[in-house]
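Student: This is the structure I have questions about; it appears just below.
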Amino acid sequence: MEPLWLVNGRQTGVDPSDRGLAYGDGLFETMAAANGSIRWLDYHLERLAAGCERLAIQAPDLREIREEIGAHCPRSGRAVVKLIVTRGSGARGYGPPPPGKPTRILAISAWPSYPPENYSAGIRVRVCDLRLAEAPRLAGLKHLCRLEQVLAELELPSSAQQGLLLDGSGRVIGGTRSNVFAVRDGRLLTPALGRCGIRGVMRRVVLETAAAAGLPAEERDLMLGELHSASELFMTNSLFGIWPVAQLDDRPFQPGNVARELMKRLGLGTGA
């Protein structure tokens, strides 16, 4: 499919003075579309609105966003829908201008081709040398400043499908493009994200699904050694869904029953 870009509802370019371009002053959501419908759209828009409130960005009209997505999302097949909201254009300088109109960018592109073995056999993950900076005021947000993830991805060998990121104190935070879950002693664990990291929509869905299934789950600080001694690991994001981990650095894992059960309950499988 031909990619589509809309800026404030029109096929035009982005103002070079836009603060999202100049300073990363904004937020984004990357969503999975199937047959004209966005998976977990309410959760994505809820996170976007909460992020706008925390960054003091005027939130866009969510009804207008729903209508725009509905009007342009392909009616058949799968697609990736990316929504970017910035503070808008302004004069040079970090200090934001008086409240103005935010910029809304909607991008629709082809669905990526995920290898079926990522779901059945699992993926290889490498711990990155880069350490994430602690920024509690930005923790959890999917903001536009992603240079740490860019640098971490540059470290990865071609044999690794994901990188694992720690913070400066050695706490596990998540993947370069995902959140991470571990199963230990029958409990599902995922890192607490009060210092840095992104609270992914798929992470939320997995925690809610685990609770509904009666599987004990906990968000807490996790160290790398706890992942190495886990019975299973898996990574999540809104596009690929759930990928079991087959290897973390030199430590092999087998795709486990918890990941399989969650995939089954959520209707996720090859290609998510």
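The values are calculated or read from the model by the stated rules, or taken from the named source; none is laboratory data. Since the model is a prediction, treat every value here as computed from it, not as a measurement. No Cβ is skipped: glycine too gets one built from the backbone with ideal geometry, and neighbour counts run over all protein chains shown. Keep in mind that these areas ignore ligands, DNA and RNA; they rest on the heavy atoms of the full protein, side chains included. Shrake-Rupley method; radii C 1.70, N 1.55, O 1.52, S 1.80 Å.
Student: Among the listed residues LEU233, LEU207, which satisfies the condition of being over 22 Å from ARG39 (Cβ atoms), under 21 Å from the mean Cα position of the chain (by Cα) and surrounded by 15 or more Cβ atoms within 10 Å (Cβ to Cβ)? Walk me through it before giving the result.
Tutor: Working: LEU207 fails: over 22 Å from ARG39 (Cβ atoms).
Within the list LEU233, LEU207, the selection yields LEU233.
Student: So, one more: Under 9 Å between Cβ atoms, at least 6 apart or on separate chains: pull out the pairs that start in region 58-77 with a residue that is of a type in the set (Lys, Arg) and end on any residue that is open to solvent by less than 30 Å² (accessible area, probe 1.4 Å) and assigned to a loop (DSSP other than H, G, I, E, B).
Tutor: ARG75/GLY36
Residue by residue, here is whether (1) open to solvent by less than 60 Å² (accessible area, probe 1.4 Å); (2) within 21 Å of ARG47 (Cβ to Cβ) holds:
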{"site": "ARG124", "(1), (2)": "no, no"}
{"site": "LEU144", "(1), (2)": "yes, yes"}
{"site": "GLN161", "(1), (2)": "yes, no"}
{"site": "GLY170", "(1), (2)": "yes, no"}
{"site": "ARG177", "(1), (2)": "no, yes"}
{"site": "ALA192", "(1), (2)": "yes, yes"}
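Student: Do we have any residue at all in region 143-151 that's in contact with a Cys (Cβ under 9 Å, 6 or more places away or on another chain), more than 30 Å from GLY13 (Cα to Cα) and acidic (Asp, Glu)?
Tutor: If we filter region 143-151 for residues that are in contact with a Cys (Cβ under 9 Å, 6 or more places away or on another chain), which is where we start, we get 148, 151.
Filter once more, so that each one left must be more than 30 Å from GLY13 (Cα to Cα): none.
Scanning region 143-151, I find no residue that is in contact with a Cys (Cβ under 9 Å, 6 or more places away or on another chain), more than 30 Å from GLY13 (Cα to Cα) and acidic (Asp, Glu), so the answer is no.
Student: Quick one: in region 22-37, which of the residues that are out of contact with any helix residue (DSSP H, G or I) (no Cβ under 6 Å at 6 or more places or on another chain) and farther than 15 Å from ILE57 by Cα is surrounded by the most Cβ atoms within 10 Å (Cβ to Cβ)? Even if it seems obvious, please write down each step before you answer.
Tutor: Taking region 22-37 first, the residues out of contact with any helix residue (DSSP H, G or I) (no Cβ under 6 Å at 6 or more places or on another chain) are 22-24, 28, 30, 32-37.
Add one more test, that the residue is farther than 15 Å from ILE57 by Cα, and what stays is 22, 30, 32-37.
Details: ALA22: 17, THR30: 18, ALA32: 23, ALA33: 20, ALA34: 15, ASN35: 11, GLY36: 14, SER37: 12.
The selected residue is ALA32.
Student: Another question about this same structure. Could you grab me the full set of residues in region 88-107 that are touching a strand residue (DSSP E or B) at 6+ places or on another chain (Cβ under 6 Å) and assigned to a loop (DSSP other than H, G, I, E, B)? First the steps, then the outcome.
Tutor: To start, the set of residues in region 88-107 that are touching a strand residue (DSSP E or B) at 6+ places or on another chain (Cβ under 6 Å) comprises 88-89, 102-107.
Of everything in region 88-107, those that are touching a strand residue (DSSP E or B) at 6+ places or on another chain (Cβ under 6 Å) and assigned to a loop (DSSP other than H, G, I, E, B) turn out to be GLY88, PRO102.
Student: Give me the residue from region 239-253 that is farther than 14 Å from GLU117 by Cβ and assigned to a loop (DSSP other than H, G, I, E, B) and, out of that set, nearest to the chain's Cα centre (by Cα).
Tutor: LEU239
Student: Related question: Out of all the residues in region 154-168, is one or more more than 25 Å from MET263 (Cβ to Cβ), in a loop (DSSP other than H, G, I, E, B), in contact with a Cys (Cβ under 6 Å, 6 or more places away or on another chain) and not polar (S, T, N, Q)? Please lay out each step first, then the result.
Tutor: Narrowing region 154-168 to residues more than 25 Å from MET263 (Cβ to Cβ): 154-155, 157-158, 166-168.
Pick out the ones that are also in a loop (DSSP other than H, G, I, E, B) and you get 157-158, 168.
In the following step, the residues that additionally are in contact with a Cys (Cβ under 6 Å, 6 or more places away or on another chain) were identified as none.
The answer is no; no qualifying residue exists.
Student: Of ALA91, ALA56, which residue is surrounded by fewer than 16 Cβ atoms within 10 Å (Cβ to Cβ) and within 15 Å of LEU144 (Cα to Cα)? Break it down stepwise before answering.
Tutor: Numbers: ALA91 fails: within 15 Å of LEU144 (Cα to Cα).
Checking each option against the conditions leaves just ALA56.
Student: Could I ask something else about it? I'd like the full set of residues that are touching a strand residue (DSSP E or B) at 6+ places or on another chain (Cβ under 7 Å) and hydroxyl-bearing (Ser, Thr, Tyr), limited to region 190-228. Let's see the steps before the verdict.
Tutor: Going through region 190-228, the residues touching a strand residue (DSSP E or B) at 6+ places or on another chain (Cβ under 7 Å) turn out to be 190-193, 195-200, 202-203, 206-207, 210-211, 215-224, 226-228.
Scanning region 190-228 gives a single hit, THR190.
Student: If the Cβ limit is 6 Å and pairs must be 6+ apart or interchain, which residue in region 128-142 that is in a strand (DSSP E or B) pairs with which residue that is of a type in the set (Gly, Ala, Ser)?
Tutor: Cβ pairs passing all conditions: CYS128/ALA152; CYS128/GLY163; LEU130/ALA152; ARG131/GLY168.
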